[in-house]
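The values are calculated or read from the model by the stated rules, or taken from the named source; none is laboratory data. Predicted model, so just to flag it, every value in this text is computed and none were measured. We place every Cβ from the backbone using ideal geometry, glycine too, and count neighbours over all the protein chains shown.
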Amino acid sequence: MPARPSSITGPPDDPEQGRGLGKSKFVDLIATDLYGGSIDVQAASDIETVKTRLFSPAATSRRIARLDNIKTHKFSWADLEGLLTAAEISGKRL
């Protein structure tokens, strides 16, 4: 079985390097049609801000967090990684 990609990308020989292919739109459509929408997460946000947004009334029915426009091939955010793999997120509903 071939390995699944961990990100949505364009073809390797794309002169626009993936810009304008509809990657974000594709995720938005899947998130809306199947999971009630998505919550945008910014790489510059602190994890407490992300948690506040996840516990907001608007996020109650949404099951996808979209981290878009990463400009590096090596991205690491230990707090977000812990949040994504946690069985339970501690916090307070707004």
Exercise for the section: Take residue 48 and decide whether it is modelled with pLDDT of 85 or more and of a type in the set (Asp, Glu). Expected result: yes
Practice task
Looking only at region 11-27, count how many residues are closer than 17 Å to residue 72 by Cβ and assigned to a loop (DSSP other than H, G, I, E, B).
Solution key: 3
Exercise for the section: Would you please name the residue that is modelled with the highest pLDDT, looking only at residues in region 63-94 that are assigned to a loop (DSSP other than H, G, I, E, B) and under 12 Å from the mean Cα position of the chain (by Cα)? Expected result: 68
Exercise for the section: May I ask you to verify whether residue 53 is surrounded by 10 or more Cβ atoms within 10 Å (Cβ to Cβ), part of a helix (DSSP H, G or I) and within 14 Å of the chain's Cα centre (by Cα)? Expected result: yes
Practice task
Only one of these is of a type in the set (Lys, Arg) and over 25 Å from residue 90 (Cβ atoms): 51, 74. Name it.
Solution key: 74
Handout entry: Filtered residue count, region 29-77, keeping only those that are among the acidic types (Asp, Glu) and farther than 21 Å from residue 7 by Cα
Key = 2
Exercise for the section: Kindly establish whether residue 43 is under 13 Å from the mean Cα position of the chain (by Cα), surrounded by 12 or more Cβ atoms within 10 Å (Cβ to Cβ) and part of a loop (DSSP other than H, G, I, E, B). Expected result: yes
